[in-house]
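Chemist: Sharing a structure with you now.
Please treat every number below as a calculation from the coordinates, not as lab data. On a predicted model such as this, the values are computed, not experimentally measured, just so you know. No Cβ is skipped: glycine too gets one built from the backbone with ideal geometry, and neighbour counts run over all protein chains shown.
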Amino acid sequence: MEDFSFLKKMFCAICQEQTCDSCFVPEYTRFLMKMGEQESCVLCQRKTPYRVSEQIAQRQFYVEGSGQLCEDCYHQLSE
């Protein structure tokens, strides 16, 4: 399993305190759960074949600054 301990050094999104263990645990759990999810197209919301945890350099149809697109939306935008 990957080491995500660096996240503890970030500010808590809930209480805005740094290294907040009481809020951090549920946020960290949600983060880990999301890492296994499939990425959705930012335009049509269809699932793509990529996991959220996959490096963007290894993906097709990823538009930097916008996000992951499905193949159909990518081709529609590039016409």
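Chemist: In the neighborhood of Ser40, defined by Cβ-to-Cβ distances under 15 Å, what is the net charge if each Lys or Arg adds +1 and each Asp or Glu adds -1?
Modeler: Computed value for this residue: 0.
Chemist: Then there is this: Where the eigenvalues come from the Cα gyration tensor of the range 38-79, what are the semi-axes √(5λ) of the equivalent ellipsoid, largest first, in whole Å?
Modeler: Taking √(5λ) for each Cα gyration eigenvalue gives 16, 11, 8 Å.
Chemist: Multiplying the sequence separation of Lys47 and Arg59 by 0.36 nm and subtracting their Cα-Cα distance, what value in nm do you get?
Modeler: Length difference between fully extended and current span is 3.0 nm.
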